[in-house]
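S.K.: My questions will all concern the structure given below.
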Amino acid sequence: MSVPVLYSIVGIGLFCIALRAVILASEPLRAILAFNIMSSGVFLVLVALARRVPGPEPDPVPHAMVITGIVVAVSATAMAIVLACRLRTDDPLDEVD
Amino acid sequence: MARADANAGRIIDVCLTLTVALVFAGLTFAILSLPMAPVGLCDTVAAELDCSGVANPVTAVLLNFRGYDTLLEMGVLLLAVIAAWAVRRGTVPEPAAPGAVLTFLAGVQVPAMILVAGYLLWSGADAPGGAFQAGAILAAAGIMLWLAGRHRPGLLRGLPLRVGLVIGLVVFVAIGLFGALSGVSFLALPTPYAATLTVLLEIAAFVSIGLLLFDMFASVLHAGSNVKEKPAAEEWHP
């Protein structure tokens, strides 16, 4: 098992830990943060697998995909936070325990 | 009743952990069964790098070879900003009174950040860098300026803001149409003009991404200013 494969397994581990956190999230903000970590895991897998090519330079195509993905993830996170705040404002059905 | 709920919760927890562990095992097996010596796209990119107009392979892939992905990404950013405008309520709150350290640092760092953003934008042709990295730093400079309270209120609104937000996408589509009209295909940069067109694309995308990301930050502030504390007990009136 080479170093890039080890990094990609770490990325998969991040993804799975965050997947569990998304499902068990008690509040929207926790789910949003866990989604972010899932996306970080995916990016790590992509970048690690780009290193497995022969030759000195890594594969540039997964790097470009990750750059695009990071920007989209940031804007999606911001949109999710706006939605979560709006949910908190407009919720007349707050449960009272 | 509470004890049964707690037991049920624990069973669900264990089942979920087992399922996630299975997912992890499956994905790891998939990674380990990838071919040992992949060829990748390095050589394909290196062969076409000369007619792409830039020297950095990642920039060439982003703006030239996979320009369609970048076009769609600018569209997604714009869509997120418009959706945030539609959903948010409230007003942008004034920043809390900044301390002396933040005021001083903002005054020193923001010009440096603008310079660094400009440098990253220009060096994207030969080294890691480019429009996205530079746009992110530009947005961060704007956020720092806002947090220190040293922005001029009312500077970024109305028509200049909207023009800046869409200019990246518009220039991208226009250059794509130029490629289509010059006979090659949509979003193909013809080799003699590739370098100039890439620089144009990068500058427009840089301005747009900086403004889009800063606007997302402003929308989050809008939305956050309106969040009430959870009421202790409230009747629901339909």
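The values are calculated or read from the model by the stated rules, or taken from the named source; none is laboratory data. If you're wondering where the values come from, they're calculated on a predicted model, not measured in any experiment. Backbone-built Cβ (ideal geometry, glycine too); neighbour counts: all protein chains shown. Surface areas here come from the heavy atoms of the whole protein model, side chains and all, with no ligands, DNA or RNA. Shrake-Rupley method; radii C 1.70, N 1.55, O 1.52, S 1.80 Å.
S.K.: Only one of these conditions is not met by A:Pro58: (1) within 11 Å of chain B (Cβ to nearest Cβ); (2) crowded, with 16+ Cβ neighbours inside 10 Å; (3) over 30 Å from B:Ala125 (Cα atoms). Which number is it?
M.R.: Every listed condition holds for A:Pro58 apart from (3).
S.K.: Give me the pairs: first residue in region A:67-78 and within 7 Å of chain B (Cβ to nearest Cβ), second residue of a type in the set (Gly, Ala, Ser) and open to solvent by less than 20 Å² (accessible area, probe 1.4 Å), beta-carbon distance under 6 Å, and six or more apart or on different chains, which are they?
M.R.: Listed by first residue and then by second, the contacts come to A:Ser75/B:Ala80.
S.K.: Restricting attention to region B:11-56, which residues are open to solvent by less than 50 Å² (accessible area, probe 1.4 Å) and of a type in the set (Val, Ile, Thr)?
M.R.: Residues satisfying the conditions are B:Val20, B:Thr28, B:Ile31, B:Val45, B:Val54.
Per-residue answers, yes or no, for (1) farther than 26 Å from B:Leu120 by Cβ; (2) out of contact with any strand residue (DSSP E or B) (no Cβ under 9 Å at 6 or more places or on another chain); (3) crowded, with 20+ Cβ neighbours inside 10 Å:
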residue: B:Gly168; (1), (2), (3): no, yes, yes
residue: B:Phe172; (1), (2), (3): no, yes, yes
residue: B:Ile175; (1), (2), (3): no, yes, yes
residue: B:Gly183; (1), (2), (3): yes, yes, no
residue: B:Leu189; (1), (2), (3): no, yes, yes
residue: B:Tyr193; (1), (2), (3): no, yes, no
residue: B:Thr198; (1), (2), (3): no, yes, yes
residue: B:Ile203; (1), (2), (3): no, yes, no
